[in-house]
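In what follows, a single structure is set out as structure tokens and then discussed.
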Amino acid sequence: MQSLQDWVQADLDAKGYSGVYEMKDSFPRDNANPLKKTIIVLTNITAFPVRDRELGGPLVQENMSFSFDVFGATEKLGLNIRRQVEELLKNGKLLPLKDFSTASAAVVDKVIIGDVFGNRLTFADPRPWQQHWHSVNFDIEDWYNITF
């Protein structure tokens, strides 16, 4: 997941959003209200069983579903950041996976970004951190060889 966060963060920073958001590991329930910065949280929604893709061979396919939840400091900022993340994920590039156990964090593999869709979550009586909540849901598809 760190590779995914780094990839999105580098893209947002290159587009001028540096300093107006931060990546967190959990929802902003305990943060100041209203939010001082837009908060982005990556969540692993589902991991599906690994499937064999080569009869008698080691090629397998693994699918996972993720969500980037964007809690905007303002509605405009939350929506704009959500759209930037959605655009990056939809652009057809492969997500580079890094090996963080090495000093250089070298890219060791790339995975396919599948279906991507963004939405805005609404609540009847939202807490302050829920007022500008946007989400980008997507799938990752990884094909690799396993050894027995």
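The values are calculated or read from the model by the stated rules, or taken from the named source; none is laboratory data. What you see is a predicted model, and the numbers here were worked out from it, not measured in a lab. For neighbour counting, all protein chains shown are included, and Cβ atoms are generated from backbone atoms with ideal geometry for every residue, glycine included.
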Scan region 49-67 residue by residue and report those that are in a strand (DSSP E or B) and modelled with pLDDT under 75. Arg51, Asp52, Leu59, Val60, Gln61
Restrict the check to region 68-80 and report whether at least one residue is more than 22 Å from Gln130 (Cα to Cα), touching a helix residue (DSSP H, G or I) at 6+ places or on another chain (Cβ under 9 Å), buried (at least 18 other Cβ atoms within 10 Å of the Cβ) and at pLDDT 85 or above. no
Would you mention how many residues in region 1-38 are touching a residue at least 24 places away in the same chain (Cβ under 8 Å) and either over 17 Å from the mean Cα position of the chain (by Cα) or over 14 Å from Val136 (Cβ atoms) (or both)? 16
Scanning region 4-30 residue by residue, the ones that are assigned to a loop (DSSP other than H, G, I, E, B) and either surrounded by fewer than 16 Cβ atoms within 10 Å (Cβ to Cβ) or of a type in the set (A, V, I, L, M, F, W, C) (or both) total 10
Kindly indicate whether any position in region 40-48 is more than 30 Å from Arg127 (Cβ to Cβ) and either at pLDDT 80 or above or in a loop (DSSP other than H, G, I, E, B) (or both). yes
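The rows are residues; the columns are (1) at pLDDT 80 or above; (2) assigned to a strand (DSSP E or B).
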{"site": "Arg82", "(1), (2)": "yes, no"}
{"site": "Val85", "(1), (2)": "yes, no"}
{"site": "Leu95", "(1), (2)": "yes, yes"}
{"site": "Ser101", "(1), (2)": "yes, no"}
{"site": "Lys110", "(1), (2)": "no, yes"}
{"site": "Ile113", "(1), (2)": "yes, yes"}
{"site": "Val116", "(1), (2)": "yes, yes"}
{"site": "Thr122", "(1), (2)": "yes, no"}
{"site": "Trp129", "(1), (2)": "no, no"}
